[in-house]
Amino acid sequence: MKDIRQITTEALKKVKDSDALTLESIKAEYLGKDGVLTQILKSLSSYSIEDKKRIGSEANNAKSIIVAEIKNKKESLKKFLFNEKMRNEKFDYSESFYFPFSKGSFHPVIQMINDITAVFKSLGFSVAEGPEVETDWYNFEALNIPDSHPARDMQNTFYVEGMKALLRTHTSPGQIRAMEKHKPPIKVIVPGKVYRNEASDAMHFSTFHQVEGLAVDENITFVDLMTLLSDFVHKLFGSDTNIRFRPSHFQFTEPSAEVDMQCIFCKGKGRCRLCKSSSWIEILGCGMVHPNVLKAVHYDSRKYTGYAFGLGVERLTMFKYGIDDIRLFYENDLRFLKQF
Ligand code: DAH
């Protein structure tokens, strides 16, 4: 009988030099049914009790050493093969493959914000963002809407008493934040979500989107505002779309106006479900920045003038696609969303 220690050394060497293919046969050679160590264990009956004990324990010991070594070798071979595969594998980024899910798309309101933003960028505006949780100062005070002024009644808030914080009711606080950050000249739009504590119907919802606009410099006039807004509407809806200005009132602008746009469906002709046959649709509020607003951000109101505007994104989107209920935007019904 071969010396068990010698057998073990020999087996361990073979394991060490093996590859994935030879490892299994080495295992069989020593531990299999007719394996060298198995044979030794089988032949134990022919030995004296003492030899049985000694040889048995030596053989079992050798067996577990070899089993452990085979296990280690298997692991390192696995790692090696994986690394080798990673090294050699070339990923073909141009290869097309079958993708069993339909692609998503931008929500129509987001698409509209992107379109609006692109137009204003082309007209020289930069884009800023403001927080949706605002303070009383930015949402009202700095915009010339003092505490207890009746103008506050126009916008029902989600207000946190004691903290003087609220979900912003409009994107106009973005004006204040932009002016605090930059000196004139300034030309910026602020798109974003706004919140009002009101019951929803076909035209109202507690969450909606606005795009605020602001330009401040020396010698800015109302004519600049009119030109800008008609350029904007022409670029977004086509050069044959007229707009009109109606006098209005906002605390943060003086004078103020509301802008209507000609109905793109009926162009003022005949009965129309969309504009309710009025041929005009209100799209935004605007005006010349009130001197008190300029003062709130420490701009010299004798040197600088500016215009501001705020438009409702859902309204424009509804108008563009002929959607008659604002709630459709928030129900996430795929039959609706897949149309965009
Ligand atoms: N913040 C107003 C609103 O939510 C909209 C608005 C009107 C914004 C006139 C303006 C503006 O910047 O000049 O109803």
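Go through the stretch 85-124 and report how many residues are of a type outside the set (Gly, Ala, Ser) and farther than 30 Å from Glu331 by Cα.
Going through the stretch 85-124 one residue at a time, the tally reaches 14.
Just to be sure I understand, how many residues within the stretch 88-103 are within 25 Å of the chain's Cα centre (by Cα) and either hydroxyl-bearing (Ser, Thr, Tyr) or surrounded by 10 or more Cβ atoms within 10 Å (Cβ to Cβ) (or both)?
2
All but one of (1) β-branched (Val, Ile, Thr); (2) over 15 Å from Gly312 (Cβ atoms); (3) within 16 Å of the ligand (Cβ to nearest atom) hold for Ile264, so report the exception by its number.
Every listed condition holds for Ile264 apart from (3).
Scan (1) modelled with pLDDT under 90; (2) part of a loop (DSSP other than H, G, I, E, B); (3) not β-branched (Val, Ile, Thr) for the single condition Gly124 breaks and write down its number.
Among (1) modelled with pLDDT under 90; (2) part of a loop (DSSP other than H, G, I, E, B); (3) not β-branched (Val, Ile, Thr), the lone unmet condition for Gly124 is (1).
Quickly run through the stretch 23-42 and pick out the residues that are touching a residue at least 24 places away in the same chain (Cβ under 8 Å) and either over 14 Å from Ile7 (Cα atoms) or assigned to a loop (DSSP other than H, G, I, E, B) (or both).
Across the stretch 23-42, the qualifying residue is only Leu23.
Being at pLDDT 95 or above, away from the ligand (no atom under 16 Å from the Cβ) and among the acidic types (Asp, Glu) is the filter here, so list the residues in the stretch 284-330 that pass it.
Result: Asp300, single match.
Taking helices (runs of 4 or more DSSP H) that do not extend beyond the stretch 273-340, which have at least 2 residues that are of a type outside the set (Phe, Trp, Tyr) and surrounded by 17 or more Cβ atoms within 10 Å (Cβ to Cβ)? Give the steps one after another, and end with the answer.
Values: elements: 291-296, 313-321, 334-337.
So the answer is 291-296, 313-321.
The values are calculated or read from the model by the stated rules, or taken from the named source; none is laboratory data. From a predicted model like this one, the values you see are computed outputs, not experimental measurements. Note: ideal-geometry Cβ built from the backbone for every residue, glycine included; neighbour counts use all protein chains shown.
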